[in-house]
Amino acid sequence: MIKTIFLAGGCFWCTEAVFQRVIGVSEVVPGYIDGTIKNPAYREVCTGRTRHTEAISIQYDDKVIRLEELLLIFFNTHDPTTLNRQGNDLGTQYRSGIYFTEIDQKNIAETIIKQLEIEGVFDSPIVTEVKMATPFYKAEEDHVSYYNLNKTQPYCTYIIDPKIEKLKNYFTNYITTTNE
């Protein structure tokens, strides 16, 4: 069955690039969620005043990949312990978040976070927010498939390539070759 969840792990170029390479994921769309205005533009979101976060909408087949697996990939390809920041990307638009569309997704997300905390996987507490999805607004076209179209750009080689490498090294069984 195809399900939808929204994930925010810093710049949406990064999370989009990672999840485009995961089996069972049929669609990844970059955009904005959890803000205060309708149809925000990138330049507005970047100011932090709209309160949106850069996120991706993921359509996944839970018969092919379980949400638990998607969330483990999510937590291992960004830093869920830094509030409103991923690397040099700073601001509320870069916060870590899971925006669920079903209560089961909320419960699974909270269980995974608790498990990661108990196991001490990260040196600092996880600050990822888990909230019911609010309206999601697709990003402008020049942000769609950004990594795939701009792999040689410095941001892609220094920031996104290491995330793709983590995916390849730790989640080999979950990789599709479609976007390579």
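The values are calculated or read from the model by the stated rules, or taken from the named source; none is laboratory data. No experiment lies behind these values; they were computed from the predicted model shown. Please note: Cβ atoms are built from the backbone with ideal geometry, for glycine as well, and neighbour counts cover all protein chains shown.
Tabulated data
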quantity: Restricting segment 26-48 to residues that are touching a residue at least 60 places away in the same chain (Cβ under 8 Å) and in a strand (DSSP E or B), the residue that is surrounded by the fewest Cβ atoms within 10 Å (Cβ to Cβ); calculated: 29
quantity: Selection within segment 128-174 - in contact with a strand residue (DSSP E or B) (Cβ under 8 Å, 6 or more places away or on another chain) and of a type in the set (S, T, N, Q); calculated: 128, 134
quantity: Residue in segment 16-24 that is among the β-branched types (Val, Ile, Thr) and either modelled with pLDDT under 95 or farther than 23 Å from residue 91 by Cα (or both) present; calculated: yes
quantity: Long-range neighbours under 8 Å by Cβ, at least six apart or interchain, first residue closer than 15 Å to residue 3 by Cβ within segment 57-82, second surrounded by fewer than 17 Cβ atoms within 10 Å (Cβ to Cβ) and at pLDDT below 95; calculated: 61/1; 62/1; 63/1
quantity: Index of the failed condition, residue 23 passing every other in (1) within 23 Å of residue 84 (Cβ to Cβ); (2) touching a residue at least 60 places away in the same chain (Cβ under 8 Å); (3) of a type outside the set (Asp, Glu); calculated: (1)
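Residues checked against (1) surrounded by 13 or more Cβ atoms within 10 Å (Cβ to Cβ); (2) closer than 19 Å to residue 82 by Cα; (3) aliphatic (A, V, I, L, M):
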{"site": "120", "(1), (2), (3)": "no, yes, no"}
{"site": "124", "(1), (2), (3)": "no, yes, no"}
{"site": "139", "(1), (2), (3)": "yes, no, yes"}
{"site": "143", "(1), (2), (3)": "yes, no, no"}
{"site": "148", "(1), (2), (3)": "yes, no, no"}
{"site": "156", "(1), (2), (3)": "yes, no, no"}
{"site": "169", "(1), (2), (3)": "no, no, no"}
